[in-house]
Amino acid sequence: MAGGTALAAEGVEKVFGGLRALRGVSIEVREGEIVGLIGPNGSGKTTLLNVLSGLLRPTAGRVRLGAEDVTGLPPDAVAKRGIGRTFQGIRLFPRLTVLENVLVAASVPRPRGGAAWEVRAVRALEELGVGHLACRFAATLAYGEQRRVEVARALALEPRFLLVDEPFAGMNPAESDELVGRLRAIRERRGCGLLVVDHDLRVIHELCERVVVLNEGEKIGEGPPSRVYLDPVVVRAYVGEKAASRFAVRAVEAHDGFGGERG
Ligand code: ADP
Ligand code: MG
């Protein structure tokens, strides 16, 4: 599936005052690939997304999009090159309609042309299953619906890479499962790369082909979820013995052909 252009952070450092929020982090997402980014609170996940999307300039290291060095480019220039993102907190305009909220993003001029922005906005809403909410005021939506509109707003820019910061936060399992399905379908249809930050290990396990684990600004693990969740260093720092044994059982079941069940 993956193989196209890569979005990469290379040896990224970010220092806030005396705090080293990122310590030489390297990460790569290829077009068509779904990568998870996990780690305890304060481990640097959002900071890394901010560096990748141009919101923060790294103290050291580089951000590369294919062959191009995009380190330190402003966020709008990064967005124009096809990197879209959502934010950890909901950032919809409450007194605009859902469609208006998405149009605000879709109307950013892009060099590549393509469909009219109204078309892109409606298409993005449909892909997130919230097309029927287009005329509702954002403030009147349920929490899970707002989350999906936020993803639609980023998607309307037709990014080659979509970075989502805790999109499953506050969702119940049914809502999470639906969003997993929709994100997969988006990857299939558009062939874009996804970088997904979340705390829900079950969802990350279901959705991602590869997981990167941060701890105190450092990358401490990387690989397929079933393997990473069992890595002793990762278990100690983050996953916990109980969760790891649950995933171990599931990995064995999948290996023996009894997979697909979730508990
Ligand atoms: P995560 O998303 O993994 O919870 P963050 O990237 O938000 O972690 O934060 C990593 C560390 O950097 C935390 O200690 C946080 O307090 C600090 N931090 C993040 N942004 C800033 C900022 N703009 N100024 C100062 N410190 C920050
Ligand atoms: Mg965060």
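Observations
- Pairs with Cβ under 8 Å, 6+ apart, first in the range 11-24 and within 8 Å of ligand 1 (Cβ to nearest atom), second open to solvent by 90 Å² or more (accessible area, probe 1.4 Å): LYS14/ARG20
- Subset of the range 171-199 (residues that are of a type in the set (A, V, I, L, M, F, W, C) and either closer than 15 Å to PHE87 by Cα or open to solvent by 70 Å² or more (accessible area, probe 1.4 Å) (or both)): ALA174, LEU194, LEU195, VAL196, VAL197
- Taking residues in the range 212-224 that are more than 19 Å from ALA244 (Cα to Cα) and among the acidic types (Asp, Glu), and partners anywhere that are within 12 Å of ligand 1 (Cβ to nearest atom) and assigned to a strand (DSSP E or B), the pairs with Cβ atoms closer than 6 Å and at least 6 places apart or on different chains are GLU218/ARG23.
- Condition met for GLY181 (at pLDDT 95 or above, more than 16 Å from ligand 2 (Cβ to nearest atom) and at positive phi): no
- Remark: pairs (first residue in the range 37-50, on the phi < 0 side of the Ramachandran plot; second residue small (Gly, Ala, Ser) and assigned to a strand (DSSP E or B); Cβ separation under 6 Å; 6+ apart in sequence or on different chains) = THR47/ALA21.
- For the range 28-64, the tally of residues that are open to solvent by 10 Å² or more (accessible area, probe 1.4 Å) and part of a strand (DSSP E or B) stands at 6.
- All positions within the range 27-77 that are away from ligand 1 (no atom under 16 Å from the Cβ) and within 16 Å of the chain's Cα centre (by Cα): GLU28, VAL29, ARG30, GLU31, GLY32, GLU33, ILE34
- Residue list for the range 139-170, restricted to those being away from ligand 2 (no atom under 16 Å from the Cβ), over 13 Å from ALA105 (Cβ atoms) and either open to solvent by 20 Å² or more (accessible area, probe 1.4 Å) or among the small types (Gly, Ala, Ser) (or both): ALA139, THR140, ALA142, TYR143, GLY144, GLU145, GLN146, ARG148, ARG160
The values are calculated or read from the model by the stated rules, or taken from the named source; none is laboratory data. Just so we're clear, the structure is a prediction, and the values are computed from it rather than from any experiment. Here Cβ is always computed from backbone atoms with ideal geometry, including for glycine, and neighbour counts include all displayed protein chains. Heavy atoms of the whole protein, side chains included, go into the accessibility calculation; ligands, DNA and RNA do not. Shrake-Rupley method; radii C 1.70, N 1.55, O 1.52, S 1.80 Å.
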